[in-house]
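Below is one structure, written out as structure tokens; comments come after it.
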Amino acid sequence: KPQIAAAQAELAAAEAALERAKVDLARTRLSAPYDGRARELQVDVGQFMNIGTTAARIYATDVLEVRLPVAPDDVPFLELPEQFTMDSLVSSDIATMPKVTLETQLGPERQTWNAYLARVESAFDEASRQLYVIAEIPDPYRLREEGDLPLRVGQFATADIQGRVMEDVFVVPRRALRDNAEVLVVNAEGVIERRPVRVVWNSETVAVIDQGLKAGDIVSLTRIDVVT
């Protein structure tokens, strides 16, 4: 009789544990705090999970962030959103933020995505000595036209960032510069003279000058090694 009583007690305890497990299972919900997609699954069907077990890694799909490096020389020519925080962003702020165009290459097709410059990181990267800015793409998984593919996490893209508008400047071919500090100007008497200038920005093809030239100046584009 004692053994039978012990077995019955164990059976009753097991039935109670089963009922409790059924209640726990009914109350169990696996949900994300936001709409998103799974990037990495860390559990499988039939696996036992304890409290605190990591089930998956997900990312939000309402906004996609792209981290873009900016060279130090280009920082002064960008309207960086230093005064904004994510909590203070409203639609009127987004409308005035610098526009960013992202391009991706998938096979023979190139696709473009419109984004905006949302914020800037607080420090330069110690390894690359570049400043990283964050561009955001609203609703990146919305198909704009038939055949468009979404911009996916981990995909490479090139970016064009809208910069400052420079006024009262002159744009000359890069080859017109001498030692990046002067140009050759033909004066009213038809004589070539060396004119010191200040270059505020340049690329491989053009240079932007804000001091040293005035409207009507004739700049020589011919490369002359010795000027007399």
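The values are calculated or read from the model by the stated rules, or taken from the named source; none is laboratory data. Keep in mind the model is a prediction, meaning the values are calculated, not measured. Note that we place each Cβ from the backbone using ideal geometry, even for glycine, and neighbour counts take in every protein chain shown. Please note that ligands, DNA and RNA were not included when accessible areas were found on the heavy atoms of the full protein model with its side chains. Shrake-Rupley method; radii C 1.70, N 1.55, O 1.52, S 1.80 Å.
Let me confirm something: among L184, L131, which residue is open to solvent by less than 50 Å² (accessible area, probe 1.4 Å) and under 17 Å from R67 (Cα atoms)? None of the other options fit; the residue is L131. For R152, the criteria (1) within 30 Å of I218 (Cβ to Cβ); (2) in a loop (DSSP other than H, G, I, E, B) hold in every case but one, which is (1). Just one residue in the set E136, E126 is under 20 Å from the mean Cα position of the chain (by Cα), at negative phi, of a type in the set (D, E, K, R) and surrounded by 17 or more Cβ atoms within 10 Å (Cβ to Cβ); that residue is E136.
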